[in-house]
Structures are given as C-alpha cells and as structure tokens.
Amino acid sequence: MLTAGTLVGVDGLVRCWWPGDDEGYLAYHDGEWGRPVTDDDRLFEKLCLEGFQAGLSWLTILRKRDNFRAAFCGFDIAAVAAFGPGDIERLLGDIGIVRHRGKIASAVNNARRAVELIDQFGSLGAYIWGWEPNPGAAPPISKEALPASTPESAALARDLKQRGWSFVGPTTVYAFMQSMGLVNDHIEGCFARSECESERAALMRPGG
C-alpha cells in the first residue's frame, strides 16, 4: 500500500508526489534533493536559487539552472563577490535567468557575506551544518506533515539577516535546508528517503 504523498513511477520506483512525470524534475528528486551537500559553492548556489525562486515555481528555476550557472560563474563565491554594477546590468540583460534587480543584487551581496562567514567559520559548510536540527535519524514524514518553515529555519534566517544577507526568509531557508540535505523530507515510502538517510549517516560534517 502506498503512503499518502507517494506515487509509483513508470520505472516502478515509489517516489514523493511532487516531481510528477517531468524528466528533469524526476532527476532532481532522485539524485539531488535531500542528499547532503558540504561544498561551499554548491551551498551558495542552492541558497541563491531558492532566493530567485521566491514567487515562482521551482521547476522554472530548475530549467534555467544552467543559464544561472553560466551567468554567475558557476556560483563561485569569490567570483560573484567581486561583481560590480556593470555585472548587475549585464545580468539584467540576460534573458536566460530571472531578471529581477533585487534578486540579482542580493546574490552579489550574499556572496560577499558568504566570504565573511568563510573567514569566521572556515567554510560556509561549517556554518550551515552547525544549524542541523536532527543529527540522528530523520523522523517519519508525510505529505500532510511537510512544513513550509520550522523554528530552525526561522532561527537560521534570522541569523543570516543579522549578518547582512537578503532574500533569506524562513520559508526560503527551509527549502534550502531540504534541498541540501540538512533535513531529509522525502516522504515515508519514497525510495530516495533511505538513500538520503544513509548518505547523511555516513557524512563527515564540516567543522565537526
């Protein structure tokens, strides 16, 4: 019997309901979402893209991700931190990304704030993983129980804002926590849930 919130794909695998039958979305669900990330540039990319997603669908961002990577130097933190006004104007003219001045300027600002965190904590990963709410096994989760934000995401959002970050509200931050494996929110019964949990169990936390 399927758990509420899961579907059986054409390949016979039981998954969370949300990727539907879109191939790109399925690949993202199967191989990326919820799997632990420690690399600083990848963490920065994920947090930036969650900020760009605000008010849009994640599938829109996913389909533009290669364009974002090209526009933002692969989300190399040091490179984006060095962007100036000319780069912002260049990005505003890039039809391959979301051309929102506030979000583009935020990405540049946040790269500079990320450099400050790296100087203080040794890596962005060490800072982010310090906010992990459940270092042990993830509790069972259902579609109905999936939160939009949590006390932990609100606390992390508040700390980031105090450090000068922008476009990092509690909902955006929780979506980031889900995507980079700080929490495992695959629905109970989804094949990827146990895989993500195994990866989390084996992970050497940065700064730990």
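Worth a mention:
- Scanning region 7-30 for residues that are of a type in the set (Asp, Glu) and crowded, with 17+ Cβ neighbours inside 10 Å turns up at least one hit.
- Residues that are free of Cβ contacts under 8 Å to residues at least 12 places away in the same chain number at least 2 in the following helices (runs of 4 or more DSSP H) confined to region 132-208: 151-162, 191-202.
- Test: residue 185 is surrounded by 15 or more Cβ atoms within 10 Å (Cβ to Cβ) and acidic (Asp, Glu): yes
- Residue within region 61-78 that is modelled with pLDDT of 95 or more, within 14 Å of the chain's Cα centre (by Cα) and not hydrophobic (A, V, I, L, M, F, W, C) present: yes
- Restricting attention to region 1-32, the residues that are of a type in the set (Asp, Glu) and either part of a helix (DSSP H, G or I) or touching a residue at least 60 places away in the same chain (Cβ under 8 Å) (or both) add up to 3.
- Per the conditions (1) surrounded by fewer than 17 Cβ atoms within 10 Å (Cβ to Cβ); (2) modelled with pLDDT of 95 or more; (3) over 16 Å from residue 40 (Cβ atoms); (4) under 15 Å from the mean Cα position of the chain (by Cα), the sole criterion not satisfied by residue 131 is (3).
- Per-region count, region 42-85, residues closer than 12 Å to residue 107 by Cβ and of a type in the set (Gly, Ala, Ser): 4
- Filter pass, residue 35 being within 27 Å of residue 135 (Cα to Cα) and assigned to a loop (DSSP other than H, G, I, E, B): yes
- Test: residue in region 119-126 that is of a type in the set (A, V, I, L, M, F, W, C) and under 17 Å from the mean Cα position of the chain (by Cα): yes
- Sole residue being surrounded by fewer than 17 Cβ atoms within 10 Å (Cβ to Cβ), aliphatic (A, V, I, L, M) and over 26 Å from residue 119 (Cα atoms), chosen from 88, 95, 61: 95
- Taken together, the residues in region 106-136 that are in contact with a Phe, Trp or Tyr (Cβ under 6 Å, 6 or more places away or on another chain) and over 19 Å from residue 72 (Cα atoms) amount to 3.
The values are calculated or read from the model by the stated rules, or taken from the named source; none is laboratory data. What you see is a predicted model, and the numbers here were worked out from it, not measured in a lab. With ideal geometry, Cβ positions are generated from the backbone for all residues, glycine too; neighbour counts draw on all protein chains shown.
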